[in-house]
Amino acid sequence: MKVVILAGGLGTRISEYTKTIPKPMIKICGKPIIQRIIDHYYSYGHREFYIALGYKGKVIREYFNNKKKNKKIRIHLIDTGKNTMTGGRLKRLKKFLNETFLLTYGDGLSDIDLKKLYNFHKRNKKMVTLTAVRPPARFGVIKISGKVVKFFREKSSLDTGWINGGFFVIEPKFIDLIKNDKTFLEKEPFSLATKKKQLLAYKYNGFWQCMDTLRDKVILERKIKQKSYFE
C-alpha cells in the first residue's frame, strides 16, 4: 500500500531550525523525523512512499539521494510547490493514487498500530479515516477564592477533547473533493466528507506527539528516550 507524507510546509513556528532546513529534516534523537516516520510505516510492511515536497524540498531530496539505498523501499520525491496547501499537495499526487492509501504529516510521531487502523477503515467502508488523539496536556488546573488557591491539579490530556492526529487511511475518490493548490486538506475537503458522513475517527490513546515548536521537539525527544520508541 502506498504511503503519502506531506513534507512541504514552511514550519514557521519552529524557525530556529526551518530557516535552514525543512521541518521534516529536524533531527529527533539524532535521526530526521521524516526518517522515523518512514521507519514506523516500514515496520508494518509498507514499502512505497510518496513524499510531497515544497519548502526547501531540495534538502529532503539530497538526504534521500545520498542515503544508503534500501532495495526493499521505494521513495518517490514529488515537488508539489512551495506555496501549495496541504490539500493541494495531495491533489497533485492524484495520478499516483488509484487505490486505498495512507497519509500522514511529516512532523508527528506515534506508535499507533497501523494494521488496526487500516482494518478499522476497511471494516467501516467510508471515504476517510483519521486518527483522533488527545492533545498533550500543557497547563495545570487551579480554582481561586480571593487570593487563596482552593483546588490544584496537574492538567490531564483527558481534560481536553479529541484532535486530528494525522495518520489517515483514504480512498482515492476523496481527492475529488479537493479544489486546487490553495485548498487546505483540513478545511473544505474534510468538511464536505463530514457532511456526506464519509469521515471517520479512529480514537487512539497511545503515544502521539507533534512537533510544531521547539518546546514540542524537546518533549518528543524526552518521550522517546524514556520509552525507547522507534529505537
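Which of the helices (runs of 4 or more DSSP H) contained wholly in segment 32-148 include at least 2 residues that are β-branched (Val, Ile, Thr)?
33-43, 57-66
If you scan segment 70-115, which residues turn out to be among the small types (Gly, Ala, Ser) and either surrounded by fewer than 20 Cβ atoms within 10 Å (Cβ to Cβ) or closer than 18 Å to Glu188 by Cβ (or both)?
Gly81, Gly87, Gly88
I'm told Arg47 meets every condition in (1) within 19 Å of Gly8 (Cβ to Cβ); (2) of a type outside the set (Val, Ile, Thr); (3) touching a strand residue (DSSP E or B) at 6+ places or on another chain (Cβ under 7 Å) except one. Can you identify the failing condition by its number?
Tallying (1) within 19 Å of Gly8 (Cβ to Cβ); (2) of a type outside the set (Val, Ile, Thr); (3) touching a strand residue (DSSP E or B) at 6+ places or on another chain (Cβ under 7 Å), Arg47 fails exactly one: (1).
Quick one: Tyr63 ticks every box in (1) buried (at least 20 other Cβ atoms within 10 Å of the Cβ); (2) farther than 27 Å from Pro189 by Cβ except a single one, so which number is it?
Here Tyr63 meets the rest and fails (1).
For segment 208-219, check the following and say yes or no: at least one residue is among the aromatic types (Phe, Trp, Tyr), touching a Leu at 6+ places or on another chain (Cβ under 8 Å) and not in a strand (DSSP E or B).
Scanning segment 208-219, I find no residue that is among the aromatic types (Phe, Trp, Tyr), touching a Leu at 6+ places or on another chain (Cβ under 8 Å) and not in a strand (DSSP E or B), so the answer is no.
Laboratory data are not the source of any read-out in this text; all were calculated from the coordinates shown. These figures come from a predicted structure and were not determined experimentally. Quick reminder, even Gly has a Cβ in these numbers, built from the backbone with ideal geometry, and neighbours come from all protein chains shown.
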